[in-house]
Amino acid sequence: MTWITKGDLPFLAYSAATVATRAVPLSYRRRWTIPVADRLGGLWRLADRSAAALGRRNMQAIMGDRLNSAEIDTALREHFNVIVLGKLLNDMLPDLTLEQLEQFLRLEGREHLDAALAKDQGVLLLGAHYGLHGYVPLTLYQRLGLPFNTVVGAEFPIDSWVYNRFVHPVRSRNWHELPVIDNTHGNPQRAMLRCLQAKKSLLIWPDLFNDDLFELSSPQVLRMPLLGHTLPFRTGTFQLAQWTQVPTLPFFILPRADGGFVMRVEPPLTIVQEKSIDGLYTNVLGYVQRLERHIAAHPGLWWQWRQPRLLEIMHPAKPLNVASETGIS
């Protein structure tokens with residue numbers, strides 16, 4: 001096992017800042033978390049120049065025709081700040097009441113969620129790696145008393161002694177507080193189906209781009225138009241929506257004027273039942289089009305800008321032939 005890696009350094013700084021703030025009364029932590037996150041985000045951007053350069057290069061390549069240099073600077077600042085805010089909040093979540101949590105994240109679009117739940121069946125909620133995502137909206141959903149499961153990869157240790165010893169315990173503090181379906185063990189598909197059969201909500205993030213994506217081909221992934229390019233999206237969630245015919249609602253974590261966020265549940269997607277590539281493509285497209293609108297409005301909130309292989313998998317758009325959209329090559 002490696003003793004330490006270069007990538008551990010930002011995580012060590014995060015862990016040190018998090019542990020240090022535990023000595024501060026919760027009322028003060030709540031008051032100062034957002035401005036502290038902004039300050040630490042700026043320090044991270046300056047200290048980890050390779051991460052900042054990667055984000056700028058990706059954003060320039062994908063959105064350079066929409067954003068000038070100053071706008072890219074603003075988006076990058078927002079990008080780093082929201083990531084730090086999420087990490088600081090993760091450590092506070094077990095101690096926050098619903099009212100305290102709503103200082104940072106409130107639910108909007110409850111009418112869409114209630115209408116879906118009133119159908120007396122499970123509900124698919126499709127999020128994105130965008131804004132204050134992850135543990136924070138999951139904890140909000142839990143505090144609201146809404147039964148759910150979520151599908152995530154395990155917070156497993158990596159090949160670094162320093163990360164495993166000092167970072168992992170801090171990052172995974174909230175892991176066991178949530179009803180998680182671990183997609184790296186057992187039979188997650190069966191667990192997801194049981195969740196919906198129990199008439200609970202199932203929260204999934206379909207825009208996951210990691211190395212596993214390169215091992216998949218159609219119809220497991222389909223290339224979708226996004227920001228003038230095409231990007232492969234996993235289709236398993238949308239096949240589940242077709243098969244179960246449960247209401248399928250996107251939700252996105254969007255900024256508020258006071259520095260907090262809203263978890264906005266949107267009207268349900270129209271899921272066509274045609275069991276073909278064309279039908280599947282139509283269903284994924286409905287989700288991607290909504291994601292695209294939010295990225296265009298607040299590009300810095302998309303977490304994928306620091307994806308090292310983003311330009312490798314995100315191709316300039318060309319005339320679409322749905323039948324030819326196989327895999328990610």
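The values are calculated or read from the model by the stated rules, or taken from the named source; none is laboratory data. These figures come from a predicted structure and were not determined experimentally. Here the Cβ is made from the backbone with ideal geometry for all residues, glycine too, and neighbour counts use every protein chain on show.
Per-structure values
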{"item": "Every residue from segment 48-61 that is out of contact with any Leu (no Cβ under 8 Å at 6 or more places or on another chain) and among the hydrophobic types (A, V, I, L, M, F, W, C)", "result": "A51, A53, L54"}
{"item": "Restricting segment 122-165 to residues that are in a strand (DSSP E or B) and of a type in the set (A, V, I, L, M), the residue that is modelled with the lowest pLDDT", "result": "V152"}
{"item": "Of residues in segment 8-28 being over 13 Å from R171 (Cα atoms) and touching a residue at least 24 places away in the same chain (Cβ under 8 Å), the one surrounded by the fewest Cβ atoms within 10 Å (Cβ to Cβ)", "result": "R22"}
{"item": "Given (1) assigned to a helix (DSSP H, G or I); (2) in contact with a helix residue (DSSP H, G or I) (Cβ under 6 Å, 6 or more places away or on another chain), index of the condition H168 fails", "result": "(2)"}
{"item": "Check on Y281, farther than 29 Å from G86 by Cβ and buried (at least 20 other Cβ atoms within 10 Å of the Cβ)", "result": "yes"}
{"item": "In segment 61-90, the residues that are farther than 30 Å from E312 by Cα and surrounded by fewer than 22 Cβ atoms within 10 Å (Cβ to Cβ)", "result": "L88, N90"}
{"item": "Output for segment 180-213, where each listed residue is loosely packed, with under 14 Cβ neighbours inside 10 Å and either in contact with a Pro (Cβ under 9 Å, 6 or more places away or on another chain) or of a type in the set (F, W, Y) (or both)", "result": "A198"}
{"item": "Residue list for segment 106-127, restricted to those being surrounded by 21 or more Cβ atoms within 10 Å (Cβ to Cβ) and within 30 Å of V19 (Cβ to Cβ)", "result": "G127"}
{"item": "R77 vs. criteria of a type outside the set (A, V, I, L, M) and assigned to a strand (DSSP E or B)", "result": "no"}
